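Notes to accompany the following structure.
Laboratory data are not the source of any read-out in this text; all were calculated from the coordinates shown. Quick caveat, the model's predicted, so the values are computed rather than measured. No Cβ is skipped: glycine too gets one built from the backbone with ideal geometry, and neighbour counts run over all protein chains shown.
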Amino acid sequence: MIPLPLAEVEPLGRLTRSGWTDQATGMQVDSRKIEEGDLFVAVAGGADFVKHALARGASAVLVPDDEFGALAAIGAAVRSRSDAKVVGITGSTGKTSTKDILAALCAPHASVVAAEGGHNNEIGLPLTLAAIEPDTELVIAEMGMRGLGQIAELCELARPDIGIVTSIGPVHLELLGTVERVAQAKAEIFGALPPHGTAIAPVGVDELAPYLPADARLFGPGGDASVEDFEVVDGQSNVHFQLRGTTLELRFNFTARHQADNAAAALLAYEALGLPLDRAQEGADRIAFSRWRGEETSLPGEGLLINDAYNANPVSMEAALEHLTARAGGRRRVAVLGDMAELGPDARAYHRLVGVAAAENADVVVAVGELARGYLGAGAAEERHAVSVEDAVALLDEVMRPGDVVLVKASRSVGLERVAEALAAAKV
């Protein structure tokens, strides 16, 4: 972190200083992650860990009067001290993967700070900004939302130069009601850009069209960046892009076709940052995706586990199921699918639609949860239902065979990563 005087933090709440320094060189909200010089901001019951944080070398502990307000103020203070370019990424699906791809592409050419994991809210974004160092040249910030106005608030802190909307789909409908309002909320990132900023969005999203700047750069078929060819060879992918008049061929260390579309969005940002297209390969095969986002693990009998348990919505479910078929290569396909959350009154209909895709792309469908019953009945060769994660683990002990390729995917609230962990440990 760019050093921040503790005097600037003191008005935000009750500050307990270590006494050995008058500045903070980092910020944490988890006392277990404290490194020497960090400021520990005690949110969500963190006040119980003041002594622990100081013992680990914290420069000070702040018990804030307003938890989110204090984090925002600290993140904004660090951001204001930096000339780094900021890329803000939001979208219904693909924002974390696009962030991971862009960070890998840029890392060989610039000093990069990128959001960790799913740090994309009123806690995560300030933590990302607080990681900016004096030599940071680029910040890649992820921005999530659950309602109108929230992306705009995050943009006030981050002040992005480039704004990416990766996709628009049926997410957070319990609060927003319609996909049109989802697009309105995501598009707030475009309104926050400076006069010469760069807006990046997918081709052909009617709900997003009213909010696109005239000079927006589009990715997808016929857009400024498009995937012309995709081939998987030896566990990697060779992808041909058309990028604003340039033909580009890159080798990536992912195998999912939908990640190539995320890469097209990332390449538009990479180009807008002025980074060398002829050197993009230097980072393309070094992508480290965040946890539980398409992680692949070998299973007995040359089987394969695809752990995509971090989150799910109808769009990402269909993409993951198509990837299951592509990776199976003739092997038996098992889809372990849990509930999709926050889909509003049409939730059951969305689950039935995903059930059709599941029947087309899996030989065995294991549905986990009450809403997940909607995946069943669409014609898969074998269908099973589990009430809970624990039931699913026991059920898979009966279902799984050596050589199976299995996809595990659900909304984060289901906790389906525990099924994936059991499979990886050869317990089922």
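The alpha carbon gyration tensor of region 294-333 gives principal lengths a ≥ b ≥ c with a/c of 1.5 or higher and a/b no greater than b/c, which makes the shape oblate.
Working ranking of peptides 193-200, 360-367 by packing, defined as the average number of other Cβ atoms within 10 Å per residue, highest first, is 360-367, 193-200. For region 353-428, a Kirkwood radius taken over Cα pairs fed into Stokes-Einstein (20 °C, viscosity 1.002 mPa s) yields D = 171 µm²/s. The distance between label points at Val399 and Gln281 comes to 4.2 nm (points 7 Å beyond Cα on the Cα→Cβ vector). Between the Cα long axis of helix 347-361 and the first principal axis of the chain there is an angle of about 60°, rounded to the nearest 10. Measuring between alpha carbons in the structure, the pairs from Lys186/Lys409; Lys85/Lys186; Lys99/Lys409; Lys51/Lys186 lying more than 30 angstrom apart are Lys51/Lys186. Relative to the Cα centre, the charge distribution of region 98-162, modelled as +1 at Lys and Arg Cβ and -1 at Asp and Glu Cβ, gives a dipole magnitude of about 180 debye. Computed from Cα positions, the angle between helix 67-80 and the longest principal axis of the chain comes to roughly 70 degrees. For Asp48 and Arg14, the FRET efficiency from 1/(1 + (r/R0)^6), where r spans their Cβ atoms and R0 equals 22 Å, is about 0.95.
Roughly how many Å is it from the Cα centre of region 195-220 to that of region 245-292, as a whole number? If you average the Cα positions of each part, the centres end up 19 Å apart. Cβ-to-Cβ counts within 10 Å put Thr98, Thr136 in ascending order as Thr136, Thr98, the fewest first. Summary of the geometry: region 360-428 and region 1-77, compared by the centres of their Cα atoms, lie 43 Å apart. As a proxy for reagent exposure, Lys186, Lys85 were ordered by neighbouring Cβ count within 10 angstrom, fewest first; the result is Lys85, Lys186.
For the pair Ala110 and Thr297, label points projected 7 Å from Cα toward Cβ lie 3.5 nm apart.
Only the Cβ atoms of Lys and Arg (+1) and of Asp and Glu (-1) were treated as charged; on that basis the dipole of the chain about its Cα centre amounts to roughly 300 debye.
Eigenvalues of the alpha-carbon gyration tensor of region 363-402, scaled by 5 and square-rooted, set the equivalent ellipsoid semi-axes at 16, 15, 5 angstrom, largest first. DSSP assigns beta bridges within region 136-267; of those with both partners inside it, close to 70 percent run antiparallel. Take 67-75, 143-151 and order them by the average number of nearby Cβ atoms within 10 Å per residue, most first; the result is 67-75, 143-151.
A convex hull fitted to the Cα coordinates of the chain yields 146 cubic angstrom per residue. Modelled label positions at Asp363 and Asp215, each set 7 Å beyond Cα in the direction of Cβ, lie 5.5 nm from each other. Residues within the reach of a label modelled at His196 (point 7 angstrom out along Cα to beta-carbon, backbone nitrogen below 17 Å), restricted to region 150-184, are 160-163. Taking the longest Cα principal axis of the chain as reference, the axis of helix 257-272 is set at about 30 degrees. In region 379-419, the ratio of gyration radius to Kirkwood radius, Rg to Rh, stands at 0.95 when only Cα atoms are counted. By the beta-carbon count within 10 Å of each Cβ, the least crowded to most crowded order of Val227, Val239, fewest first, is Val227, Val239. With the biggest extent put first, the Cα atoms of region 82-284 measure 43, 41, 32 Å across the principal axes.
Each listed q (0.13, 0.14, 0.22, 0.29 Å⁻¹) maps to a log10 I(q)/I(0) for region 4-65 from the Debye sum over equal C-alpha point scatterers, namely -0.24, -0.28, -0.73, -1.31. Only beta bridges with both residues in the chain are counted; by DSSP, about 40 percent of them are antiparallel. Seen from all directions on average, region 1-122 presents a Cα convex hull projection of 8.3 nm².
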